[in-house]
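S.K.: Have a look at this one before I ask anything.
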Amino acid sequence: MGSTEAASSLDAPITLHVKTIESQTHTVNVLVSETVLDLKEKLAVMLQVPSPRQRLIFRGRVMVDDKPLTEYSLQDGQTIHLVTRPADAPQNQQNDAPRIATGSTASGAPLRFDTPEYLFSIIGVDDNMDAQNVSLEAP
């Protein structure tokens, strides 16, 4: 692919599907040259959820605000998952920036992306909160 073709493919819009925890799916058009923060700002307008309260997940990875969408190899029609931090969630500086779950749980088991511990790390459940009493179900 020549440099002109590469540049024009970065300017080409793609359609992404954004699925919420409530199983609602929204459609958004973006340029692959945009950043994750640009995508979050579009979603903020569409969904009335400020970008700092959004966590976008693609293929089990938390998407980082300053990274370009090209870093995630997104293609037209793919789905991104949106986890929204509650508006009244306490501020926790350690959880404000997206982190990639690594390491292990308190029991020493590997931390998997489909576990409550991983979801709590994304949505910012404070370490002092009792994770056993937090519900993942929609109200």
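S.K.: Considering only the stretch 62-76, I want to know if a residue exists there that is assigned to a strand (DSSP E or B) and surrounded by fewer than 18 Cβ atoms within 10 Å (Cβ to Cβ).
M.R.: yes
S.K.: Another question about this same structure. Output the residue which, of all residues in the stretch 8-20 that are in contact (Cβ under 8 Å) with a residue 24 or more places away in the chain and out of contact with any Asp or Glu (no Cβ under 9 Å at 6 or more places or on another chain), is surrounded by the most Cβ atoms within 10 Å (Cβ to Cβ).
M.R.: Val18
S.K.: Could you say which residue among Val28, Val18, Val49 is of a type in the set (Val, Ile, Thr), modelled with pLDDT under 95 and either assigned to a strand (DSSP E or B) or in contact with a strand residue (DSSP E or B) (Cβ under 8 Å, 6 or more places away or on another chain) (or both)?
M.R.: Val49
S.K.: Taking only the stretch 77-87 into account, find how many residues are surrounded by fewer than 17 Cβ atoms within 10 Å (Cβ to Cβ) and either in a loop (DSSP other than H, G, I, E, B) or of a type in the set (Phe, Trp, Tyr) (or both).
M.R.: So the count comes out to 4.
S.K.: Provide a single number: the residues in the stretch 31-46 that are in a strand (DSSP E or B) and not hydroxyl-bearing (Ser, Thr, Tyr).
M.R.: Qualifying residue count for the region: 1.
The values are calculated or read from the model by the stated rules, or taken from the named source; none is laboratory data. The model shown is predicted, which means the values in this text are computed figures rather than measured ones. Cβ atoms come from the backbone with ideal geometry, glycine included; neighbour counts cover every protein chain shown.
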